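See structure below.
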Amino acid sequence: MPLSRKQIKELKEKMVKTDQNALKNIKQSRGPSTRTIKQTIKKDGFKNKKSIVRWNYEVNELVKITYDASLVGLIVSDFEYFSKRVEKNCFFILVDNAVKQIDGRYLRRL
């Protein structure tokens, strides 16, 4: 159980009465306190490379979409469409009068 401040003060006073250099000797016996400071090194302007996996489908190629129903679509773009970008195996495909972003694992070449 930890001691209260009052109890610690009383113990220090008893030690000083018995030996006036007791507290000084205890502090010196501990030696200098050493602290290890952990530093994190950060490089300015460092950017992780984003790997873009590009598959062998090309623009203006007809593909069959295998999820849900069997649909036929036209690849409009492979990794960028207007300002939208993809970072994996996704393609922008024209299906049912709309351009949709579809994962490449659901595509089959016709």
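A few remarks follow.
Each row is one residue, and each column tells you yes or no for (1) at pLDDT 90 or above; (2) over 34 Å from the mean Cα position of the chain (by Cα).
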site: Ser51; (1), (2): no, no
site: Asn56; (1), (2): no, no
site: Leu62; (1), (2): yes, yes
site: Leu71; (1), (2): no, yes
site: Glu80; (1), (2): no, no
site: Ser83; (1), (2): no, no
site: Phe91; (1), (2): no, no
site: Leu94; (1), (2): yes, yes
site: Leu107; (1), (2): no, no
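- Residues of the stretch 56-92 satisfying the condition of being of a type in the set (A, V, I, L, M, F, W, C) and under 12 Å from Leu107 (Cβ atoms): Leu62, Val63, Ile65, Leu71, Val72, Leu74, Ile75, Cys90, Phe91, Phe92
- Note on the stretch 1-19: residues that are surrounded by 10 or more Cβ atoms within 10 Å (Cβ to Cβ), under 48 Å from the mean Cα position of the chain (by Cα) and in a helix (DSSP H, G or I) amount to 1.
- Flag for Ile37 being assigned to a helix (DSSP H, G or I), without any contact (Cβ under 8 Å) to a residue 40 or more places away in the chain and not aromatic (Phe, Trp, Tyr): no
The values are calculated or read from the model by the stated rules, or taken from the named source; none is laboratory data. Remember, it's a predicted structure, so these values are computed and weren't measured experimentally. A quick note on method: Cβ atoms are made from the backbone with ideal geometry, for glycine too, and the neighbour counts reach across all protein chains shown.
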